[in-house]
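Notes follow the structure.
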Amino acid sequence: MTPLPEDLPPRISEDERDTAVQRLQDAYTQGHLSYEEMDARLHQALTAKTPGELAAALTSLPEEKAGTTATIAAAGGRIRRGGAWRVPRTLKVASAFGRVHLDLSRAVIEHPVVDIELQLGTGRAKITVPRDAMVEVEDLHAGWKDPLYKIRRRSRSGGPTIRISGTMGFGRLKIRHARR
């Protein structure tokens, strides 16, 4: 059995690929790319294997606007955000049934404080925060189980503060720090 190389380049997730495809399609509809250029860049994004290859497909695109408030809602099913997405100053997440997974570990966080307001009925929620983030959950009201969160003993300073508030019915919120 041959040993695996230890310095493998990081792989990109499907969420990151989907975000890149959406950015390219938006740039085309806004007139920033011709059809031929969008087609070539979509091929590049869909076949990219590393973050660098994916970033090359997005070069010279206008920056995404990080709004001050955004809402993600679903009556049922899954709500999922991950990869290189821009986190607004205030993020409202509403779900009557289903699971919620917010991964902020690779997200672009431009604000020193990010407020996440949860309005969840049933189902689980998982939030992955950057390693150096501080998390506050004092304003979260859970109807069934308290959130699972262990405060990090050694937290690097300089990271964003993630304040989680809102209400949860029958479900559990699990918050963890990214490992990398």
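Couple of notes before you dig in:
- Total residues in the range 46-68 satisfying the condition of being part of a helix (DSSP H, G or I) and modelled with pLDDT under 90: the figure is 7.
- Among residues of the range 113-124 being at pLDDT 90 or above and under 20 Å from Ala178 (Cα atoms), the one that is surrounded by the most Cβ atoms within 10 Å (Cβ to Cβ) is Ile116.
- Close pairs from the range 31-46: first hydroxyl-bearing (Ser, Thr, Tyr), partner part of a helix (DSSP H, G or I), Cβ under 9 Å, at least 6 apart: Ser34/Tyr28; Tyr35/Tyr28
- Applying the set (1) at pLDDT 90 or above; (2) under 25 Å from Leu54 (Cβ atoms); (3) not charged (D, E, K, R) to Gly83 leaves exactly one unmet item: (1).
- Flag for Leu91 being touching a strand residue (DSSP E or B) at 6+ places or on another chain (Cβ under 7 Å), buried (at least 17 other Cβ atoms within 10 Å of the Cβ) and either modelled with pLDDT under 90 or not aliphatic (A, V, I, L, M) (or both): no
- Which listed residue, of Gly76, Gly83, is part of a loop (DSSP other than H, G, I, E, B) and on the phi > 0 side of the Ramachandran plot: Gly83
The values are calculated or read from the model by the stated rules, or taken from the named source; none is laboratory data. On a predicted model such as this, the values are computed, not experimentally measured, just so you know. All Cβ positions, even for glycine, are placed from backbone atoms using ideal geometry, and neighbour counts span all protein chains on display.
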